[in-house]
Amino acid sequence: MYALHHALDRHIPIWPALGKALRNTPGVYKVFTAIERRTKRELFGCRMCGQCALPVTAYACPMTCPKQLRNGPCGGVNPDGGCEVYPDQRCVWLMAYERAEADGKTSDMRRLQRPIDQRKWGQSSWVNYWMGEDEGLWTAEDVVMQPRLDHEPLLLDAQKP
Ligand code: SF4
């Protein structure tokens with residue numbers, strides 16, 4: 001999947017051109033989106049949020065989380081790794097971490113995902129990607145590790161000198 005994503009990189013001119021052509025022919029766009037929906041649903045359980053996070057979640061779809069959390073687990077994960085809401089379902093963020101670890105991609109787990117544009121549900125995430133409309137969807141991989149230098153440490157009264 002990583003190799004496929006690399007081959008479909010938006011910086012290869014043919015892909016934005018295809019995205020534009022699809023946008024300009026609504027009937028073909030509809031067919032393309034239906035194929036994407038079917039394929040990604042089978043492979044990843046895709047919900048068609050239109051702004052795909054898969055490349056940085058080790059191809060575990062965060063929208064399959066009942067709470068649709070895009071920045072890690074909720075804290076209610078059961079000791080056996082089961083979901084708090086649906087105990088028979090394994091926490092998608094646990095799966096993401098395990099897969100990332102197996103692929104040497106755990107640094108992706110330190111990215112922050114920005115909120116999605118709710119108006120894009122049902123749209124082709126491939127076309128949105130090729131057209132640059134999901135630019136900045138996630139931060140650099142080391143952002144969680146960066147210390148905040150823009151404020152003084154918060155001290156309780158009893159801790160103040
Ligand atoms: S487009 Fe959205 S719902 Fe579909 S696989 Fe990607 S993140 Fe999940």
For this session: State whether the residues of segment 67-77 include one that is touching a Gly at 6+ places or on another chain (Cβ under 6 Å), modelled with pLDDT of 95 or more and within 16 Å of the ligand (Cβ to nearest atom).
Result: no
For this session: Please give the number of the condition ARG119 fails out of (1) at pLDDT 85 or above; (2) assigned to a loop (DSSP other than H, G, I, E, B); (3) among the charged types (D, E, K, R).
Result: (2)
For this session: Looking only at segment 81-91, decide whether some residue is in contact (Cβ under 8 Å) with a residue 60 or more places away in the chain, surrounded by 14 or more Cβ atoms within 10 Å (Cβ to Cβ) and of a type outside the set (Asp, Glu).
Result: no
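Please work out if LYS30 is assigned to a helix (DSSP H, G or I), within 21 Å of GLY132 (Cβ to Cβ) and not hydroxyl-bearing (Ser, Thr, Tyr). Can you show your working first?
Numbers: assigned to a helix (DSSP H, G or I): yes; within 21 Å of GLY132 (Cβ to Cβ): no; not hydroxyl-bearing (Ser, Thr, Tyr): yes.
Considered against the rule, which asks whether it is assigned to a helix (DSSP H, G or I), within 21 Å of GLY132 (Cβ to Cβ) and not hydroxyl-bearing (Ser, Thr, Tyr), LYS30 comes out as no.
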Exercise. So which of THR64, THR106, THR25 ends up being within 24 Å of TYR2 (Cβ to Cβ), away from the ligand (no atom under 13 Å from the Cβ) and of a type in the set (Val, Ile, Thr)?
Worked result: THR106
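So that you can scan it fast, the table gives a plain yes or no per residue for (1) exposed (fewer than 12 other Cβ atoms within 10 Å of the Cβ); (2) assigned by TED's automatic domain parsing to the domain that holds TYR129; (3) without any contact (Cβ under 8 Å) to a residue 24 or more places away in the chain; (4) over 20 Å from THR139 (Cβ atoms):
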site	(1), (2), (3), (4)
ALA21	no, yes, yes, yes
TYR29	no, yes, no, yes
LEU43	no, yes, yes, yes
CYS61	no, no, no, no
TYR97	no, no, no, no
Exercise. Taking only pairs six or more apart or across chains, which ones have beta-carbon atoms under 6 Å, a first residue in segment 119-131 that is under 20 Å from HIS5 (Cα atoms), and a second residue that is among the charged types (D, E, K, R) and more than 9 Å from the ligand (Cβ to nearest atom)?
Worked result: ASN128/ASP134; TYR129/ARG10; TRP130/ARG10
Seminar exercise, completed: Of ILE12, ILE35, the only residue that is in a loop (DSSP other than H, G, I, E, B) and more than 16 Å from the chain's Cα centre (by Cα) is ILE12
For this session: Assess whether VAL56 counts as being in contact (Cβ under 8 Å) with a residue 24 or more places away in the chain, surrounded by 15 or more Cβ atoms within 10 Å (Cβ to Cβ) and of a type in the set (Val, Ile, Thr).
Result: yes
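The values are calculated or read from the model by the stated rules, or taken from the named source; none is laboratory data. Bear in mind that the values here come from a model prediction, so they are computed numbers and not experimental data. All Cβ positions, glycine included, derive from the backbone under ideal geometry; neighbour counts span all protein chains shown.
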